[in-house]
Amino acid sequence: NLGGNMKEKKIVSHASKWIILTLFTILLLLSIVIIFFRHSYVLTNEEVIEKIKDIPIYKSKIEYIIKNSKNEYSENVRLLYYKKLGLRIEFEEGRVKVYKNGYISIEEKENKYEVDEGIDEVYPLASINNILSNEILTIEEGEEEWGDKSYLKVIVKLPFENQHMDYAFIYLDKENQVPVMTQIYDVKDEERIRITYRSFEKLKELDKNLF
């Protein structure tokens, strides 16, 4: 009996080793597969830019800082974007602008009227879809400017015949795939407009009546 028990213990011990080895091998293979797929599905910088440009519905608080040779002023708005419907900007004093089909519908106090969208080149610059549709000159990647956050700096050429708005630096949060800030420069390389995105939120739906 003693010999039989010893034999059984050896068999159990041997089986346990095989189970542990098998489990270790499976875990190792799973780790390799996970690492492989993580690297396989890392988006390129160009793909990140396209994903941000193609966000169909979003909202964000926006701070505009507009500068000239003498002073600067800031303005806070709420921006709503619906790819199929247009762009809506709500100002603190109650004024609303809706950019749609080449026109701007403006509501202020009890008045409502429509003007050609060409008269306003500044406020629509906050639409990340629109500004990223311009000619991209360079794409840079870094971390130091935003701490540990990985970001992209995209430089685009602006299409305006306006010496005060010649090109833009667009900073994008690479990990979360959202805009962080846009800086507009003039032909003399002076910053003229700074647009900061706060609480940028991708949405599944928005009230269509807002547009």
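Things worth noting here:
- V122 sits with roughly 40 Å² accessible to a 1.4 Å probe, with DNA, RNA and ligands left out of the calculation.
- R198 - accessible surface, heavy atoms, 1.4 Å probe, Å² rounded to 10: 110 Å²
- Environment charge of Y185, counting only residues whose C-beta is closer than 9 Å and scoring Lys/Arg +1, Asp/Glu -1: -3
- With all protein chains modelled, accessible area of K208 [1.4 Å, Å²]: 110 Å²
- The order of E121, E205 by accessible area, most exposed first and with a 1.4 Å probe, is E205, E121.
- Largest-first ordering by accessible area, 1.4 Å probe, given options L137, L132: L137, L132
- Unsatisfied cross-links (Cα-Cα over 20 Å) in the set K59/K109; K59/K97; K53/K83; K53/K153; K157/K188; K59/K208: K59/K109
- For K51, the shell of other residues with beta-carbons less than 13 Å away shows a net charge of -3, using +1 for Lys and Arg and -1 for Asp and Glu.
- Calculated accessible area for region 133-211 comes out at 58 Å² per residue, all protein chains present (probe 1.4 Å; ligands, DNA, RNA ignored).
- Karplus (6.51, -1.76, 1.60) ³J(HN,Hα), θ = phi - 60°, over region 73-85, in Hz, Gly and Pro reported as x: 9, 10, 8, 10, 9, 10, 10, 10, 10, 9, 3, 7, 10
- Here region 47-166 has 43 percent of its accessible surface on carbon and sulfur atoms, given a 1.4 Å probe and all protein chains in place.
- Residues with amide H under 5 Å from that of V178, placed H, sequence gap 5 or more: D173
- Heavy-atom accessible area ranking, 1.4 Å probe, most first, across F24, F91, F160, F169: F24, F160, F169, F91
The values are calculated or read from the model by the stated rules, or taken from the named source; none is laboratory data. Predicted model, so just to flag it, every value in this text is computed and none were measured. Note that each Cβ is placed from the backbone with ideal geometry, even for glycine, and that neighbours are counted across all protein chains shown. Surface accessibility is based on the protein's heavy atoms, side chains included, excluding ligands, DNA and RNA. Shrake-Rupley method; radii C 1.70, N 1.55, O 1.52, S 1.80 Å.
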